[in-house]
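Derivation of every value follows stated rules applied to the coordinates shown; laboratory data play no part. Bear in mind the structure is a predicted one, so any value in this text is a computation, not a measurement. Neighbour counts are summed over all protein chains in view; Cβ atoms, including those assigned to glycine, are modelled from backbone coordinates with ideal geometry.
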Amino acid sequence: MADEADTSLTSRFLSWFPSGRDDPEGWRFDVITLLAIIGEGSVAEHAQTISASSLCLLPRIIPAPQALLKPIRPQRLPEVTAKMAGVYGGVVLDTVGFFANIIHPLEDLKPFAFKVLEIKHKHLIDAPETPMSPGWKNLPFGRGGGWRNFTKKSPAKKRHPQGGIPTSPAGTGIASALLLANVKGTVQKDEKEQAHEQDIKPEPTPAPARRRALHRSTTLAEKFTDMVTNPTMANSQDRYTVPPTLYSPLHLISLLSFLLTIALLITSILWKDGTAIVAISLVSLASSVIGAASWWRPLLMNRRTTNKVPRGDVVIRTREGAFILIKCTEEVARELYSGTEECQYVVSTKYYRALMGLGMVLLMISVVLLGNCGWESQAFIGASYILLNGVYWALGLLPHKMFWDLGRYVCVDITPEDAKRADEPTGEDPREGTPSFTRTLWFAIRETKHGAWVDRSGALPGTEQWRRWLNESVQAARRGERGWKAVGRKNEIMKEEIEAWREQRIAEGEEMEEVVDLAEQEAPLVQVQGPIRAPTFS
């Protein structure tokens with residue numbers, strides 16, 4: 001009796017759910033088309049990275065392929081809002097470049113934090129020190145990152161091995177030697193006078209033993225990366241490109257979805273499901289068409305001339321009051337910070353619109369056909385889309401540096417020991433040991449020994465009191481006083497100004513106010529604006 005009661009109870013519970021697949025009341029997959037189009041947010045987040053590799057041409061199923069159907073292609077990479085100013089140059093920007101934020105993510109900085117980073121080109125670090133022979137051009141190379149770029153050949157100039165001054169064919173006589181010394185001394189004098197006038201430290205003169213990048217044979221991994229990312233077309237104008245890394249998670253997912261598509265086609269043939277075969281073929285073809293229309297590569301800005309310029313050091317200020325000092329050359333600054341990162345597309349705008357229209361038609365037809373596939377095919381297709389949606393969602397948890405090959409650059413943290421804990425309480429002094437905007441700003445001024453970038457970027461209130469504090473802080477930094485009491489001196493200056501104001505009011509016989517409005521002393525002249533968001537309509 002007990003067994004019969006348990007069986008009756010189980011049957012009664014199972015009757016709440018569909019049973020079978022041929023019965024009208026059995027399991028059905030009419031919403032399989034919904035699984036094919038949900039997950040748009042996860043795919044849209046990686047849309048640009050997906051289409052930056054030639055693997056975007058693979059015919060495969062993609063969750064929410066409509067996320068790649070955009071009426072207008074972006075011409076720039078997304079940027080991060082922050083205030084950036086050149087230490088020696090006059091550049092002031094309100095955003096930080098996409099690749100620069102990957103190297104040092106600004107969102108990871110705590111309020112009032114401070115860092116000093118040195119960024120160099122890797123091929124200049126790895127190159128051995130060897131004397132430069134006449135007519136030799138430095139050829140940068142990389143580790144399969146797709147940024148290898150060979151400069152155009154220029155007419156060979158015979159240069160002096162030490163001074164870099166062109167020599168005449170008959171440069172062995174006394175007159176030639178005197179002329180060479182005169183010219184060399186004049187050039188050095190002009191450079192020193194120009195640097196003194198601009199109060200800018202120029203790039204150091206290269207030593208006789210110059211660094212050069214020797215041309216080596218390309219490895220198999222580099223050739224395969226170049227084949228996948230196809231960077232050679234991007235370097236036709238001596239501009240570097242940063243491709244997706246060879247082992248990018250998106251590359252692995254593209255291969256996984258391609259293999260899943262093949263498995264779906266094979267099983268549909270075995271099940272003799274013609275509708276599933278056509279639907280899978282069309283949705284895979286739609287992804288290839290949309291990928292071809294969106295295929296692009298990023299181009300970095302570079303210098304066109306070889307004139308002597310100051311260093312490209314920049315200071316970045318975040319909305320939370322954190323500062324980052326980047327020590328780099330002008331070439332690195334032009335590529336990552338002051339220059340623009342452009343998107344170079346393979347197809348023109350006219351063909352882009354045509355391919356997008358074709359992809360949209362193929363997608364609509366395939367969605368209709370997916371709802372008419374057999375039971376087995378719908379179950380397999382639904383499981384595949386659920387798996388891919390979960391994988392694309394998990395990609396959002398990974399850092400961006402896993403998707404792009406930035407092996408061209410080497411970033412080293414050289415923050416001084418007495419400034420590494422700028423975002424933490426240090427010492428027993430309640431003023432100098434407490435994290436604050438003033439203390440962190442002093443750390444930045446102490447390392448740069450310049451204050452013009454502070455004025456240009458609007459990091460301080462535009463009052464006479466703060467200008468006085470800025471001048472004193474720059475002088476203390478140039479004297480090497482690392483323990484200068486920045487916060488205490490700021491408070492003293494403010495008190496002196498308030499007392500002077502009160503004495504002046506008393507002397508003039510005016511009534512004193514109980515509260516003095518010091519709002520203009522409390523905030524930077526130029527605030528870091530938040531990211532611009534598109535308006536939403538409810």
Open item on the list: Under 5 Å between amide hydrogens, which residues at least 5 positions from R311 or on another chain qualify, with H placed 1.01 Å from N in the peptide plane?
Closed with: E203
Open item on the list: Full-extension gain between Q75 and N491, please, as 0.36 nm times their residue separation minus the C-alpha to C-alpha distance.
Closed with: 145.0 nm
Task: Calculated FRET efficiency for the pair A354/E320, C-beta based, R₀ 56 Å, to 0.05 - done: 0.75
Open item on the list: I need the calculated FRET efficiency for the pair W271 and T306, taking r as the beta carbon distance and R₀ as 41 Å, to the nearest 0.05.
Closed with: 0.05
Task: Over 22 Å (Cα to Cα) - which of K449/K485; K115/K327; K83/K495; K120/K308; K308/K420; K115/K495 fall in this group - done: K83/K495; K308/K420; K115/K495
- [ ] Using the 2.2 N^0.38 Å rule of thumb for compact globular proteins, work out how the stretch 264-401 stacks up: its C-alpha Rg over that value, please.
- [x] 1.67
Task: Approximate spin-label separation E481-S8, in nm, with each point projected 7 Å along Cα-to-Cβ - done: 9.6
Open item on the list: Just to verify a number: FRET efficiency for L397 and A263, C-beta to C-beta distance, R0 = 30 Å, to 0.05?
Closed with: 0.65
Task: Ranked by how many other beta carbons lie within 10 Å on average, peptides 439-448, 369-378, 275-284, 257-266 from highest - done: 439-448, 275-284, 369-378, 257-266
- [ ] State, to one decimal in nm, how far the label point of C411 lies from the label point of L285, with both points 7 Å from Cα in the Cβ direction.
- [x] 4.4
